[in-house]
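K.L.:
What follows is a structure written as structure tokens; I'll ask about it next.
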Amino acid sequence: MDRTLEQEGMADDALLESQFWGAWETALAESADKVIVAPFAEGPWCPPLVHFLPQFHGMWTDRERTHIGGCPLCQKTLSHAWRAAGKCPSVWQVFQYWYLGREFELAGALKLHVRRDGCRRCRLLMCSSWLVGVAELFENGKQSWEQLRDWLSPAFCLLAPAFVPIPVGADKFDDGCTPFIKSETNSDGSAGVTVEVSRTGHLELTVESTTTDFQQVLVIGAETATLTPLAQSESGSRAVDLESSQEEQLLVLVPRL
């Protein structure tokens, strides 16, 4: 085949695949419950597409888990599902990828998520010294692998954007200090966190959960990682005021170990 024609054919294939995945992501984000078959299925065991949504990861059968771990197509589908749903891998999944590397069953999907999609949340988490401390708990025999799984599985993250504090006592925000409110829920919807900027320039963080008592928040910056306790409010939620920062901060909600 002529080299030019071959290159054009490859470009056409890449464009078609890009258009297909774009359409699929839109359908998944808008009506995931109606999507029942995985695209480009190479075999009979590729799980239904809806099973790739984050809230279904804990419900995979042993056969599905084994298949997804060894199927490049399913790894790619999983990475697209995170992107389409606007979600990230769980803290437990990110830790396993960071610690086990290629040995982690979802390494292919995590690699695409972090490198191709350039996820800032997961990059900050993977670069934090906190993961080193978690690994040492296991390596020193203080926590078993199963105990780490039970501890980190409910944890979830929110990325707080950089914010330049306003003067203390100011009665309004100026043009350079636009307030923001940002919310995030965990994969099964049982817990949610809201962070907003107060008029004193602090980050007000509120956590509500029906299943897990989140008693602390890990604040990860470019070079620091600080664990801060959450106080229980009159409404029963957990809350804390955090210092705002001129750099992005990753807020990780973790149960008490």
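The values are calculated or read from the model by the stated rules, or taken from the named source; none is laboratory data. This structure is a prediction, so every number in the text was calculated from the model and none was measured. In this analysis, Cβ positions are derived from the backbone assuming ideal geometry, glycine residues included, and neighbour counts consider all displayed protein chains.
K.L.:
Give the stretch 82-93 a look and list any residue that's within 16 Å of Gly58 (Cα to Cα) and either touching a His at 6+ places or on another chain (Cβ under 9 Å) or not in a helix (DSSP H, G or I) (or both), or say none.
P.N.:
Trp82, Lys87, Cys88, Pro89, Ser90, Gln93
K.L.:
Taking only pairs six or more apart or across chains, which ones have beta-carbon atoms under 9 Å, a first residue in the stretch 223-241 that is within 17 Å of Glu196 (Cα to Cα), and a second residue that is part of a loop (DSSP other than H, G, I, E, B) and among the charged types (D, E, K, R)?
P.N.:
Cβ pairs passing all conditions: Arg238/Asp213.
K.L.:
Does Glu139 satisfy being in contact (Cβ under 8 Å) with a residue 24 or more places away in the chain and either within 15 Å of the chain's Cα centre (by Cα) or not assigned by TED's automatic domain parsing to the domain that holds Phe214 (or both)? If you could, list the steps in order and put the result at the bottom.
P.N.:
Working: in contact (Cβ under 8 Å) with a residue 24 or more places away in the chain: no; either within 15 Å of the chain's Cα centre (by Cα) or not assigned by TED's automatic domain parsing to the domain that holds Phe214 (or both): yes.
Spelling it out, it is not the case that Glu139 is in contact (Cβ under 8 Å) with a residue 24 or more places away in the chain and either within 15 Å of the chain's Cα centre (by Cα) or not assigned by TED's automatic domain parsing to the domain that holds Phe214 (or both).
K.L.:
Those residues that are surrounded by fewer than 16 Cβ atoms within 10 Å (Cβ to Cβ), over 14 Å from the mean Cα position of the chain (by Cα) and within 28 Å of Thr226 (Cβ to Cβ), I need them from the stretch 116-129; list them, please.
P.N.:
Cys127, Ser129
K.L.:
Sticking with this structure for a sec: So which residues in the stretch 96-130 are closer than 15 Å to Gln249 by Cβ and part of a loop (DSSP other than H, G, I, E, B)?
P.N.:
Cys127, Ser128 - these are the residues of the stretch 96-130 that are closer than 15 Å to Gln249 by Cβ and part of a loop (DSSP other than H, G, I, E, B).
K.L.:
Continuing with the same structure: Would you be able to say whether some residue in the stretch 118-128 is of a type outside the set (Val, Ile, Thr) and over 18 Å from Val219 (Cβ atoms)?
P.N.:
Our first condition is that a residue be of a type outside the set (Val, Ile, Thr); within the stretch 118-128, this holds for 118-128.
Adding the requirement that they be over 18 Å from Val219 (Cβ atoms) leaves 118-119.
Checked the stretch 118-128: at least one residue is of a type outside the set (Val, Ile, Thr) and over 18 Å from Val219 (Cβ atoms).
K.L.:
Which one of these is touching a strand residue (DSSP E or B) at 6+ places or on another chain (Cβ under 8 Å), surrounded by fewer than 17 Cβ atoms within 10 Å (Cβ to Cβ) and more than 15 Å from Asn186 (Cβ to Cβ): Gln246, Gln215?
P.N.:
Gln215
Residue-wise test of (1) at pLDDT below 85; (2) over 19 Å from the mean Cα position of the chain (by Cα).
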position	(1), (2)
Leu148	no, no
Gly169	yes, yes
Thr178	yes, yes
Glu184	yes, no
Val207	no, no
Ile220	no, no
Thr228	no, yes
Leu251	no, no
Val254	no, no
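K.L.:
Here's another thing I want to ask about it. Being closer than 18 Å to Cys122 by Cα and in contact with a Ser or Thr (Cβ under 6 Å, 6 or more places away or on another chain) is the filter here; which residues of the stretch 209-237 pass it?
P.N.:
Once the filter is applied, which keeps residues that are closer than 18 Å to Cys122 by Cα and in contact with a Ser or Thr (Cβ under 6 Å, 6 or more places away or on another chain), the stretch 209-237 yields Val217, Val219, Ile220, Ala225.
K.L.:
Does Glu103 satisfy the criteria of being within 22 Å of Gln75 (Cα to Cα), surrounded by fewer than 11 Cβ atoms within 10 Å (Cβ to Cβ) and modelled with pLDDT of 90 or more?
P.N.:
Yes: the conditions hold for Glu103.
K.L.:
Check whether at least one residue in the stretch 203-221 is touching a residue at least 40 places away in the same chain (Cβ under 8 Å), outside any strand (DSSP E or B) and of a type in the set (A, V, I, L, M, F, W, C), and report yes or no.
P.N.:
Among the residues of the stretch 203-221, not one is touching a residue at least 40 places away in the same chain (Cβ under 8 Å), outside any strand (DSSP E or B) and of a type in the set (A, V, I, L, M, F, W, C), which makes the answer no.
K.L.:
In the stretch 191-208, what count of residues is obtained for those that are more than 24 Å from Arg120 (Cβ to Cβ) and crowded, with 19+ Cβ neighbours inside 10 Å?
P.N.:
0
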